[in-house]
Amino acid sequence: MHVVFNSYPIPNKYAALDSHIIPDPHIIFDKAMRIDIAVLTDSKNTISQIIPKGNLAGKQGVTCERPEEDKIIIDTIRRFKGLESPVVILVVTPEVALNEELLYVAISRARTHLFIIGEKLIIDRIKNADVQKV
């Protein structure tokens, strides 16, 4: 599995994901079918803060219970437990970083590509835990 870490400053707790995920979020969406992409985080509240309009790179988000073609799954880690996706974009919050079981569930959902993004301190903590061996 290919793992990419990306940290970013968060001015107001969480910033909109579109501008922080990777230099160009369209790179991911051009190479994968939308339904093959899942954006996961700890809570619906975090989802509403990072993806306020329910869209990512111009594509509509849906929950894991109602996947649709040409849509991106945007949901919580707990709801996505037991499922997997070729591409997972994990938005790491302090809750996720401090809960080893939740972190394991999150990173084990990706089949081929895992993008882990969050505040620098949180990303460093995860890197030090050697998440790539999980």
Got at least one residue in the stretch 93-108 being open to solvent by 10 Å² or more (accessible area, probe 1.4 Å), in a strand (DSSP E or B) and touching a residue at least 12 places away in the same chain (Cβ under 8 Å)?
-> no
Residue among Asn55, Asn99 that is under 25 Å from Asn128 (Cα atoms) and more than 13 Å from the chain's Cα centre (by Cα) = Asn99
Residues being more than 14 Å from Leu98 (Cβ to Cβ), β-branched (Val, Ile, Thr) and at pLDDT 85 or above: count how many of those fall in the stretch 115-134.
-> 2
Out of Pro94, Pro52, sole residue that is at pLDDT below 85 and farther than 15 Å from Ile37 by Cβ = Pro52
Of all residues in the stretch 42-89, which are among the aliphatic types (A, V, I, L, M), buried (at least 18 other Cβ atoms within 10 Å of the Cβ) and farther than 20 Å from Arg111 by Cα?
-> Ile47, Ile50, Ile51, Leu56
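The values are calculated or read from the model by the stated rules, or taken from the named source; none is laboratory data. It should be emphasised that the depicted structure is a prediction, and the values quoted were computed from it without experimental measurement. Cβ sites come from the backbone with ideal geometry, for glycine too, and all protein chains shown count toward neighbours. For the accessible areas, the whole protein counts, side chains as well, though only heavy atoms, and no ligand, DNA or RNA atoms are used. Shrake-Rupley method; radii C 1.70, N 1.55, O 1.52, S 1.80 Å.
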